[in-house]
Each structure stands twice: as C-alpha cells, then as structure tokens.
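To start, the structure itself, in structure tokens.
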Amino acid sequence: MEIEYCTDKIPTADQVIELYDNAGLPRPTNDKERIQKMLNNSDLIVTAWHNDLLVGVSRSITDWVWCCYLSDLAIRGEYQKEGVGRKLINLTKEKVGEQSMVLLLSVPTAMEYYPKVGFVKQESSFIMHRAEWK
C-alpha cells in the first residue's frame, strides 16, 4: 500500500469531517464552518493519502522555534496500526525543527499510544475548558 505524505495538500473540510468521524476523533464535525476555521488557522497540516483518499492528518499550531501544539492526529480506522500516525508525527517534528517541542492533549483512548511513538507523559499541565462544545 503506497501512502503519500504531504504538507502542501490541504484537505477540504468535508474530507476532514469524514476522516474525524471514521477515526472516532471527538471534534465538532457537525459544524463544517468551525472545522474550516480550524483548518484555516492551523500553522502546519501534514496529510496522508492513499490515492485520493485522506487516510490521516496531523494538524498543528506552532511558533516554529519553541513549541508546537499537535491539536489533531486522526488516522482512518482501516489504516491504524500501519505506522501512518507515527509517520505524521515524525514529519510534524521534522517540519517544526529541533528547537521546538511538540505537545498535545490526548483523548482518553489514545493514552497508551503516545508513549509508544516518543511522547513523554507530563503531570505539569493545566487546561481551561471551552465554554461551548457544539
């Protein structure tokens, strides 16, 4: 199976919504406008394609020299456990460079995954939850 990884091929909101739903990533996929804003305001989007099918995405916000927040990592169900997520993470890290850390908030179902791909669990983070999920 030949997977193409890109940083210059931005998926449509519809493609991302379908991927997030397929991957079980809890995002506001019923709000296409909000998903589009999420894409528009991202600094780095790395995608994985099998022919014309979006099979994975890594979406980040970064300053390119200190930190990179990996806000979304989604892999289509039938492509999970094939190294697609690891490759998207590695390409994200490569693009932001050696001076930048990569950090994220994990969904509960992925807590076991991230240590396997090089992340270190931290106990020193805080969050102010959004007031509106919609």
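Let's see how each residue does on (1) within 12 Å of the chain's Cα centre (by Cα); (2) open to solvent by 40 Å² or more (accessible area, probe 1.4 Å):
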position	(1), (2)
Asp14	no, yes
Ile17	no, no
Val46	yes, no
Ile75	yes, no
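For the range 110-134, residues that are farther than 23 Å from Ile3 by Cβ and surrounded by 10 or more Cβ atoms within 10 Å (Cβ to Cβ) total 2. With respect to the conditions (1) modelled with pLDDT of 95 or more; (2) more than 23 Å from Gln15 (Cα to Cα); (3) open to solvent by less than 80 Å² (accessible area, probe 1.4 Å), Met38 lacks only one, and its number is (2). The single condition among (1) in a loop (DSSP other than H, G, I, E, B); (2) of a type in the set (A, V, I, L, M); (3) touching a Ser or Thr at 6+ places or on another chain (Cβ under 6 Å) that Ile10 does not meet is (3). Of all residues in the range 9-29, those that are more than 9 Å from Ile75 (Cα to Cα) have Cβ atoms under 6 Å from Cβ atoms of residues that are assigned to a helix (DSSP H, G or I) and of a type in the set (Val, Ile, Thr), 6 or more apart or on another chain, in Ala13/Ile35; Val16/Ile35; Ile17/Ile35; Thr29/Ile17. Taking strands (runs of 3 or more DSSP E) as the structural unit, those lying wholly within the range 26-134 and holding at least 2 residues that are among the polar types (S, T, N, Q) and on the phi < 0 side of the Ramachandran plot correspond to 53-62.
The values are calculated or read from the model by the stated rules, or taken from the named source; none is laboratory data. What you are looking at is a predicted structure, and each value in this text was computed from that prediction instead of being measured. Because the Cβ atoms are built from the backbone with ideal geometry, glycine has one as well, and the counts that use them run over all protein chains shown. Protein only, heavy atoms only, side chains kept; ligands, DNA and RNA dropped before computing areas. Shrake-Rupley method; radii C 1.70, N 1.55, O 1.52, S 1.80 Å.
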